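Structure first, then comments.
The values are calculated or read from the model by the stated rules, or taken from the named source; none is laboratory data. If you're wondering where the values come from, they're calculated on a predicted model, not measured in any experiment. Backbone-built Cβ (ideal geometry, glycine too); neighbour counts: all protein chains shown. Each accessible area value is taken on the protein alone, full model and side chains, heavy atoms only, with ligands, DNA and RNA left out. Shrake-Rupley method; radii C 1.70, N 1.55, O 1.52, S 1.80 Å.
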Amino acid sequence: MKAVKINGGVRIDGILSEEIWKTAIPAAGFTQRDPEEGKPESEKTEIRILYDDEYIYFGCMMYDKEPEKITARLAKRDNEVESDVISIRIDSYHDHLTAYEFTLLASGTKVDILIYDDGAKEDDSWDAVWEAQTLITGIGWSAEIKIPLKELRFDNSSADQIWGINFVRKITRKHEYSMWSFTPKNQSGMISHYGHLLGLDSLSSPTRLEFLPYVSNSIRRKPVSNPYESYKKYDYNTGIDIKYGLSSNYTLDITVNPDFGQVEADPEVLNLTTFETFYPEKRPFFIEGTQILRFSGFGGDDGLFYSRRIGKKPTGSPELGCFETIKSYPENSAILAAAKVTGKNSSGFSFGALSALTNDEYAETICLQTNQERDILVEPMANYSAVRFKQDFWRNSTVGGIVTSVLRKKNQPAFTTGADWKIRTNDNLFMADGFLAASSTYDKTTGDKLTGGAGRLTLAKTGGDHWLYQTSADFTSKKYNINDIGFFRRPNDYGVSFEVAYKDEVVNSFYRYIYIEGNYGIRDNFDKVNLYRNSSFGFEICLLNYLIVSAKTTYNFGLYDDRETRGNGLYKKPKSINFSSTLSTNSSSDFVFKLSAAYSKNDRSSDNYSLTPKISMQPSSNIEFTIGMGYKKYNNYEAFVANTLLPPDYNKPLTIFANRDTKEYNLNLSGSFTFIHNLSLEVYSQLFFASGHYKGYKLLANPETFIPYSHSGTDDFNRNNFQLNSILRWEYLPGSTIYLVWSQYRGYFDNLYNSSLGDNIDNTFITQPDNAVILKISYWLNI
C-alpha cells in the first residue's frame with residue numbers, strides 16, 4: 001500500500017471526517033487466521049495512511065453489522081485484555097525481523113510492543129509517546145492514530161523508503177483474528193511475511209532529545225530485630241533519564257540515580273535445590289533494548305548478560321568482632337549512573353552497548369560494650385558493561401557476538417565473550433542456530449583464575465504442514481562461569497536431545513488444533529558420569545468450544561547427581577515418573593478458569609503432587625482480577641542436609657541425607673481498576689507458606705549406599721510470608737507520570753512443621769509489618 005504526504009496535521013478524535021483521508025487508498029481485504037484459516041474476514045476493515053514531516057497517521061474503520069456486540073473493555077496501558085482490537089505492525093528497519101506494534105482496543109486503551117526474532121519474541125515494556133482515539137458508531141468502530149516519526153527507527157539515507165507493514169484485527173465475540181498480509185499457520189515467522197509500505201519520500205531525520213526527570217519521596221516503617229538496628233524512615237530521591245537520537249536509527253539512553261520504586265516486587269518461592277532462582281527483569285531502563293542486548297545460549301533463562309546483576313543485593317558477609325552486631329545492611333547496590341546505545345542500520349547491522357556504575361555498599365555495625373560504630377564494605381564499587389552486535393544476512397538470518405565485563409574496585413575482573421548464529425532457509429522451513437562462549441573470572445574464595453567455554457548447535461524443521469523436529473547438542477566446561485554478569489545454573493556437562501512433534505491446525509468436527517510431541521535427552525559430565533537420561537511425551541488440544549487440555553508424561557532413568565552433595569561426591573538419583581496436566585476454559589469470556597495438576601513418584605517410596613487452580617474475572621468493562629491458589633506436597637523426598645566431620649576421620653567430610661516432607665500453600669490475588677485511559681490502580685498480593693520436616697537421617701557411604709545416622713536437633717522449618725503491592729498510576733501528560741505506591745511485607749518463621757494453616761495465617765498477621773509508601777513524579781520533556 002501507499003502512504004500519502006500531507007501539509008498540516010490531522011485532528012485525532014477518532015472520527016474520520018477530514019476530507020484528507022479520502023486521498024489515501026485504503027488497505028482492505030483482510031484474511032482470517034482464526035477461526036477459519038484462509039477465508040475472508042467476516043467484517044470489512046479499511047486502513048488509510050497519511051504522513052508529514054513529523055508524524056505518520058493511521059485512519060482505521062472497522063465495520064461491524066452488530067455494533068452493539070463490540071467488546072470494548074477499558075484497561076490500563078499495555079494490558080491487552082480480551083477486546084475488539086486493531087493492531088498496526090511497522091517494520092521500519094525493513095529487516096524482516098523487527099517490528100513496532102501499536103495496538104488499540106475498541107475502548108481506546110493503548111498497547112505498544114517491540115517485536116523481534118521474526119515475531120517469535122516480544123518486549124511489552126517498550127513504551128512510545130503517541131496519540132490515539134476510538135469511537136463506536138452505528139456501523140462499527142473507528143480509530144485515528146498519530147505516531148511521531150522520532151519514535152520509530154529507520155534509515156533515511158534512501159529518498160524512497162520501503163517499510164514492512166501489516167495490520168491485525170481481532171473480533172472477540174467471534175474469536176476472529178484476521179490479517180491484511182496473511183501468514184498461514186504452517187509457515188514459521190511473522191515479520192518476514194509483512195506487506196510493503198511505499199510513498200514515504202524524503203523522510204527527514206527528526207531531532208530526538210527527551211528528558212525525563214523525577215523526584216520521589218518515601219516513608220517507611222518496619223520492625224527491627226534488635227534495638228540497635230536502624231533504617232531510613234524518610235527518603236528523598238531525584239534523578240533523570242535522557243534519550244538522544246544519535247541518528248534516525250541509533251539512540252543513546254542515559255539514567256542518573258535511577259529509582260525503581262514503582263516496580264512490582266518479586267514473588268516468594270521455596271527453593272531447596274542447588275540452582276539459583278531466576279527472576280525476570282522489571283526495571284524499565286534495562287528492559288528497553290532487550291532484543292539487541294540479549295544473548296541466550298541454551299534458549300531458556302540463561303544468558304551472558306543478565307541485567308538483574310546490576311544493582312543486586314550485596315553478597316559480602318561482614319566479619320563481626322566480639323559483642324558486635326549488625327546495625328544496618330544495604331538491600332541493594334545503588335546504581336549511580338548507566339548508559340546504553342542501541343540501534344540498527346540499513347545494512348542490517350544492529351549494535352547495543354550498555355555500561356552501569358554501582359556504588360560502594362557498607363554494612364553498619366555497633367559494639368554492644370562500647371557503642372562504637374563502624375562501616376564494613378560488603379559490595380565494592382563496580383562497573384558492568386556489555387557490547388552486543390548482530391548482522392543480518394540472506395532474508396532473515398543473523399550472526400552476532402557479545403563481550404561483557406565486570407570491573408570491581410580492588411578485585412579481579414571478570415569477562416565473557418560469545419558468538420551466536422541463526423540461519424533460516426527455505427522460507428523459514430529449516431533453521432540452524434547455536435553459539436560458542438568463553439568466560440574468565442576468579443574464584444572469590446581461593447582467588448584462582450577460572451576460564452571455561454560453552455557451546456550449542458541445534459538443527460530444526462520449524463515449519464510445514466504437520467511434522468516438526470529438532471536435534472541439539474551442547475556442552476559447558478568445568479570452569480565455565482558467567483554469573484558475575486550473566487545467568488547460568490551449572491557447568492561441567494554435555495549432552496544431546498531429540499524432539500519430534502506433530503501438529504494439526506485445521507479446524508474439524510472435533511477440535512480446532514492439536515499438538516503432540518515427544519523427546520529424549522541424555523547428559524554426562526566431563527568426569528564420565530552419566531547425569532541425566534529421560535524421555536517425555538505430551539499433547540495439547542483445543543476443542544471447538546475453546547476448552548484447552550494438555551497433558552505430559554516424563555520418565556527419568558535415575559542416574560547420578562554431582563551437585564546434590566554440595567561438592568562432596570556423587571549421589572545416585574532414584575528413577576521417577578511424572579504426570580502433569582492443564583485445563584483452561586475459553587479465554588475470551590468474562591470468567592476464565594485454569595487448573596494445573598501434577599503427580600510424581602520414584603522408586604524410593606517418595607511421591608509428590610501439586611494442584612494449582614486459577615480464576616480470572618472481568619465483572620465490568622474496566623475491572624479485572626485474578627485469584628490463583630496453589631498446593632504442593634512432597635513425601636519422603638531424599639534430600640541433602642549437611643556436610644560434616646565425624647570420627648574417626650576428621651579430614652574427610654561426610655554427607656548427611658534425610659527423607660524430607662514439605663508442603664506449600666500459595667495464594668495470589670491481583671487486580672486492576674481503570675478509572676480512565678491514563679489513570680489506573682493495580683494491586684498484587686501473595687500469601688505464601690512453606691514448611692519442611694526431616695526424618696530418617698542417614699550418611700552417604702558411597703553414591704548408591706546409605707547407613708543410618710542418629711541426628712540430634714532439628715532441621716525443620718516453617719516459613720510464612722505476606723506481601724502486598726498497590727500502584728496508583730496517573731499519566732497526567734503524555735509521557736509524564738505520577739506513581740503512588742504502597743507496599744507491605746510480613747514474615748514469620750519457626751520450625752513447627754505441623755502448624756495448622758489457620759495458625760500460620762494468625763502468626764503471619766500478628767507480626768509487625770514492613771510498610772513503605774512512595775510518591776514518584778516524572779515529567780517528560782521533548783525537544
The range 574-665: trypsin sites (Lys or Arg not before Pro) in DSSP coil with no more than 16 other Cβ atoms inside 10 Å: Lys575, Arg604
Let me know the Rg and Dmax you get for the range 100-149 when you use only its Cα atoms, in Å. 12.8, 40
Degrees between helix 757-766 axis and first principal axis of the chain (Cα, 0 to 90, nearest 10): 80
Compute the distance from the alpha-carbon center of the range 458-508 to that of the range 324-370, in whole Å. 33
So how strong a dipole does the chain carry about its Cα centre when Lys and Arg Cβ are +1 and Asp and Glu Cβ are -1, to the nearest 20 debye? 1260
Tell me the volume per residue, in Å³, of the convex hull enclosing the alpha carbons of the range 346-447. 145
Roughly how compact is the range 245-313, stated as its Cα Rg over 2.2 N^0.38 Å to two decimals? 1.35
Whole-number percent relative contact order across the range 708-783, with pairs defined as alpha carbons under 8 Å at least 6 apart: 35
XL table Lys44/Lys594; Lys461/Lys633; Lys390/Lys478; Lys110/Lys312; Cα-Cα > 31 Å flagged, in table order, is Lys44/Lys594; Lys461/Lys633; Lys110/Lys312
If contacts are Cα pairs under 8 angstrom and at least 6 residues apart, what is the relative contact order of the range 317-419 in percent? 23
Based on the alpha carbon coordinates of the range 536-640, what radius of gyration and maximum Cα-Cα distance (Dmax) apply, in Å? 18.7, 59
Rounded to one decimal in nm, the spacing of the 7 Å Cα→Cβ label points at Ser346 and Thr582 is 4.5
Among rounded, prolate and oblate, which fits the range 28-171 when a ≥ b ≥ c are the square roots of the eigenvalues of its C-alpha gyration tensor, a/c under 1.5 means rounded, and a/b larger than b/c means prolate? prolate
Taking Rg/Rh (Cα atoms, Kirkwood Rh) straight from the coordinates, which label in [x] 0.96; [y] 0.99; [z] 1.01 is the correct one? [x]
Which loop trypsin sites (Lys or Arg not before Pro) in the range 386-436, with loop taken from DSSP, have no more than 11 other Cβ atoms within 10 angstrom of their Cβ? Lys409, Lys410
Put Met629, Met62 in order of accessible area, largest first, probe 1.4 Å, and you get Met629, Met62
Protein chains only, probe 1.4 Å: how do Thr585, Thr404 rank by accessible area, largest first? Thr585, Thr404
Paramagnetic reach from Leu246 (point 7 Å along Cα→Cβ, amide N under 16 Å) across the range 340-376: 340-356
Could you let me know the centre-to-centre spacing of the range 639-667 and the range 712-742, using Cα atoms, in angstrom? 34
Any chance you could list the semi-axes, whole Å, largest first, of the equivalent ellipsoid that the Cα gyration tensor gives for the range 690-745, using √(5λ)? 54, 15, 6
Summing -39500 (n - 2.57) over the DSSP H runs of n ≥ 4 in the chain and dividing by its residue number, what mean residue ellipticity at 222 nm do you reach, to the nearest 500 deg cm²/dmol? -500 deg cm²/dmol
For the range 90-192, state the semi-axes of the equivalent ellipsoid (square roots of 5 times the eigenvalues of the alpha-carbon gyration tensor), sorted largest first and rounded to whole angstrom. 24, 19, 13
In whole Å, what three semi-axes, largest first, describe the equivalent ellipsoid of the range 605-702 built from its Cα gyration tensor (square root of 5 times each eigenvalue)? 48, 15, 8
Please report Rg over Rh for the range 215-372, where both radii come from the alpha carbon positions and Rh follows the Kirkwood definition. 1.05
